[in-house]
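One structure is given here, and the rest of the page talks about it.
The values are calculated or read from the model by the stated rules, or taken from the named source; none is laboratory data. The structure displayed is predicted, hence computed values, not measured ones. When we count neighbours, we look across all protein chains shown, and the Cβ atoms used for this are built from the backbone with ideal geometry, even at glycine. Side chains included, ligands, DNA and RNA excluded: accessible areas come from the protein's heavy atoms. Shrake-Rupley method; radii C 1.70, N 1.55, O 1.52, S 1.80 Å.
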Amino acid sequence: MGYPLIIANWKLNQTQAEIKLWLEDFVSRVRLGDPIEVAVAAPFPYLFMLREVKGLQLAAQDVSRFEHASSHTGEVSARQLADLGVEYVIVGHSERRRDFGETNEDVVLKVFRSVSWGLTPVVCVSNLEEVEALDAGLKGKGLASRCVVVAYEPLEAIGSGKPADLGEVQRMALAIKGVLGENRRVLYGGSVDADNVLKYAGLAGVDGVLVGTASLKASNFIQIIKALVSK
Ligand code: PGA
């Protein structure tokens, strides 16, 4: 399954100046070659700032479901993300499903575009129906389920400071693998911080974490990484 994967999800936060400070802190305190894979999902305009940081993978928070060079003002294509050196793309985050009406069909199209350009989609789900829809959609497009990472993020746990029940997370992680295959990488997301990360990352079936609020300050994010590395 590889090293644990930790992805920071900055959402609509950060400015150039803040990212410069974040990176200074990160680069001086995180050792290269630690047995962990770290990605940061920065807002599109700032992705370029993370490109030169060794040991850090680039992630995007979304991708267009439309083809590159089609006429869709405001969209960013999978090809453009690949061109920037992006590795992971968050797809179907519950905030996008809720606030932008993103459907399971949109999610599958975004996965399709991402995979077509060599990106790894990190598909966020909050229940088993979304996992089953993903499975059906992948099959419909002739895509192998191994092309996706899945992040289980229960709605009540996101940004609430109330992470999900451990037993429930383990049950869902195993259920996701039951649907999509044992070797699928499954992350947990929802109020993860340095104090609780080991409990979640240590669960059977959980291969890493997606971190929103606690990734905004480099010091907090570094503490989470150090906790994971010390495991
Ligand atoms: P949170 O966000 O860590 O602030 O709960 C997680 C997410 O939305 O991915």
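Just a few scattered comments:
- Residue count for segment 125-138, restricted to those that are within 16 Å of the ligand (Cβ to nearest atom) and assigned to a helix (DSSP H, G or I): 1
- Of all the numbered requirements in (1) of a type in the set (D, E, K, R); (2) out of contact with any Asp or Glu (no Cβ under 9 Å at 6 or more places or on another chain); (3) in contact (Cβ under 8 Å) with a residue 40 or more places away in the chain, R65 misses one, and that requirement is (2).
- Flag if D34 is crowded, with 20+ Cβ neighbours inside 10 Å and among the acidic types (D, E): no
- If you go through segment 198-209 and keep only what is within 15 Å of the ligand (Cβ to nearest atom) and without any contact (Cβ under 8 Å) to a residue 40 or more places away in the chain, you end up with K199, Y200, V206.
- Leading residue by the ranking (nearest to the ligand (Cβ to nearest atom)) among those in segment 139-157 that are in a helix (DSSP H, G or I) and free of Cβ contacts under 8 Å to residues at least 40 places away in the same chain: A157
- Total residues in segment 39-91, condition part of a loop (DSSP other than H, G, I, E, B), farther than 17 Å from C147 by Cβ and open to solvent by 40 Å² or more (accessible area, probe 1.4 Å): 16
- V115 of a type in the set (V, I, T), under 21 Å from I6 (Cα atoms) and open to solvent by less than 40 Å² (accessible area, probe 1.4 Å): no
- Of the residues making up segment 210-230, those that are assigned to a loop (DSSP other than H, G, I, E, B), out of contact with any Phe, Trp or Tyr (no Cβ under 7 Å at 6 or more places or on another chain) and not hydroxyl-bearing (S, T, Y) number 2.
- Residues that are surrounded by fewer than 21 Cβ atoms within 10 Å (Cβ to Cβ), touching a residue at least 60 places away in the same chain (Cβ under 8 Å) and more than 16 Å from S160 (Cβ to Cβ) within segment 210-224 comprise K217, S219, I222, listed in sequence order.
- The set of residues in segment 158-172 that are without any contact (Cβ under 8 Å) to a residue 40 or more places away in the chain, near the ligand (Cβ under 9 Å from one of its atoms) and crowded, with 22+ Cβ neighbours inside 10 Å contains only P163.
- Within segment 1-11, not a single residue is outside any helix (DSSP H, G or I), within 15 Å of the ligand (Cβ to nearest atom), within 21 Å of Y188 (Cα to Cα) and free of Cβ contacts under 8 Å to residues at least 40 places away in the same chain.
- Segment 188-209 - residue that is part of a loop (DSSP other than H, G, I, E, B) and not small (G, A, S) and, of those, most open to solvent (accessible area, probe 1.4 Å): D195
- Test: residue in segment 62-83 that is of a type outside the set (K, R) and within 24 Å of A157 (Cβ to Cβ): yes
- G101 open to solvent by less than 70 Å² (accessible area, probe 1.4 Å), within 16 Å of the ligand (Cβ to nearest atom), at pLDDT 95 or above and of a type outside the set (F, W, Y): no
- Restricting attention to segment 177-191, the residues that are within 16 Å of the ligand (Cβ to nearest atom) and closer than 20 Å to Y88 by Cα add up to 6.
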